[in-house]
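The values are calculated or read from the model by the stated rules, or taken from the named source; none is laboratory data. If you're wondering where the values come from, they're calculated on a predicted model, not measured in any experiment. So basically every Cβ, Gly included, is an ideal-geometry build from the backbone, and we count neighbours across all protein chains shown.
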Amino acid sequence: MMETVKVVLLGFGTVGSGVYDSILHTHQEKLEKVIGKKVEIVGILVKTEKDRQLPENIIVTTKIEEILALPKIDYVFEAIVGIEPAYSYTQLFLDRGCHVISANKELLANRGEELSEYALNKGKFLTFEAAVAGGIPLLRTIIQLLQVNGILVLEGILNGTSNYILSKMRNEKLSFGECLQEAQQLGYAEANPESDISGRDAFYKQMILSSLIYHEQPDWEKVERVGIEDVALEDLALGEGHGLRLKLLASLKRGDEGIQATVKPTFVSSEHPLYNVEGVDNGIVIKTDLVGTLMLQGPGAGSKATASAMIEDLVQIEQQKQPLQQVHRYSYQTQTQNKKEANESIQLAVFPLQDKEEWLSLKAILNENSKSVNILQEVVKELDGRIYGSFLYDGELECIKLPVLYKRYPVSPIGLKRDHFNLVNIF
Ligand code: HSE
């Protein structure tokens, strides 16, 4: 008879129910074939009691004690939101000799290193592929397949909800609120979507990556984190006029001053590898000192994407592959990343205007200050009866007393070439 591994799920929201469906329905046969064992779900910890029509042999409970009382548990799928009680539960189950597979970004960003150590001391696995970039096998690629490569820079779209919102707003001219609602309905957003749109979710993922790549995290207070809450349709339309798309980009590198990390809405040109990463997809560009530049892309959120990452974690553990936390990574000297890239300082500025004359006077002011600012390209558009102007520039805009309020976005230097900029669309 086939051996059975017993599994419990902590949490039964988008993530937990996705794992449930894959193990018991869509991928049961394949999973059993691959690991040569039956996988049985014996318990589910839920937040509230309600009729879920689950099989009777599964203990479904709101009480952790009832899960802990189960006679045998091999794997725990941890899909709870927030640090507690997930932190305590993870320790409890590791103490009990279970492997823990987690999708909990906040927990891992805050206590991941400590919990990994804890698991190691218990001789158990704590894996968390699902916590970063959804279904993309990113962590294993970094940890197992890029061990000798020194990672110089990582730039990524790490939040599916934000990318979905930005793509949909731009393509369908829908409001921020409408797009967010759809992302929630599709199961992409967090229970509290503030985490997605404020860049906090991407930040947690970035901190997990920093721990894995550099074995340390930057001072959280010093990481610039800007969300997408203030992005307006006209910003996206003006960016399009310059051939640019706005993405919530997380960037991570280590230089002489330590680890530098930012999460902020950033325009990318059509030459940038992340330009075509649209909808709920995530994309990660990794620049290394050996292979060069790699790019990974795929579904960054949603039930199936997360279930895929978690179940593949189980397979990896079953096949006795090296666990994430047991892999030693070589330290390396940072090489080229301190050199300022030529186009690093390019920005896009957006202005709402009263009329065309205002644009002309604004330009006159800029021309007077041409020593400190180089205008590379300008676009003026009428959107919903209002006029907006925007320009790409490098230099210091601060020194100019501009007559109207403006928004600014950075433009990623990757793929940018100065000769791309032709003056377009001026009245
Ligand atoms: N809310 C997250 C996102 C889910 O949109 O990326 C996956 O971590």
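Does PRO85 satisfy being more than 16 Å from the ligand (Cβ to nearest atom) and more than 27 Å from GLU190 (Cα to Cα)? Against the criterion (more than 16 Å from the ligand (Cβ to nearest atom) and more than 27 Å from GLU190 (Cα to Cα)), PRO85 does not qualify.
Across region 209-255, the qualifying residues are those that are assigned to a loop (DSSP other than H, G, I, E, B) and charged (D, E, K, R), and the one among them that is surrounded by the fewest Cβ atoms within 10 Å (Cβ to Cβ) is ASP219. For region 384-427, the set of residues classified as modelled with pLDDT under 75 and aliphatic (A, V, I, L, M) consists of LEU397, ILE400, LEU402, VAL404, LEU405, LEU423, VAL424, ILE426, listed by residue number. If you filter region 147-166 down to residues that are out of contact with any strand residue (DSSP E or B) (no Cβ under 6 Å at 6 or more places or on another chain) and among the aliphatic types (A, V, I, L, M), you find that the one that is farthest from the ligand (Cβ to nearest atom) is VAL148. A single entry from LYS363, LYS371, LYS381 fulfils the requirement of being basic (Lys, Arg), modelled with pLDDT of 80 or more and not in a strand (DSSP E or B): LYS363. Listed conditions (1) within 11 Å of the ligand (Cβ to nearest atom); (2) of a type outside the set (A, V, I, L, M, F, W, C); (3) surrounded by fewer than 16 Cβ atoms within 10 Å (Cβ to Cβ); (4) part of a helix (DSSP H, G or I) are all met by GLN181, apart from (1).
In contact with a Cys (Cβ under 7 Å, 6 or more places away or on another chain) and either touching a residue at least 24 places away in the same chain (Cβ under 8 Å) or more than 12 Å from the ligand (Cβ to nearest atom) (or both), is that true of MET169? So MET169 fits the description; yes. In region 111-139, the residues that are farther than 15 Å from LEU209 by Cα form Cβ pairs under 6 Å with partners that are not in a helix (DSSP H, G or I), at six or more places apart or across chains, as follows: LEU115/LEU126; ALA119/LEU126; LYS124/HIS99; PHE125/HIS99; PHE125/PRO323; LEU126/VAL100; GLY135/GLY298; GLY135/PRO299. On the given criteria, is GLY160 of a type outside the set (Val, Ile, Thr) and surrounded by fewer than 24 Cβ atoms within 10 Å (Cβ to Cβ)? In short, no.
If you go through region 184-207 and keep only what is more than 8 Å from the ligand (Cβ to nearest atom) and either over 27 Å from PHE128 (Cβ atoms) or among the hydroxyl-bearing types (Ser, Thr, Tyr) (or both), you end up with SER198, TYR204.
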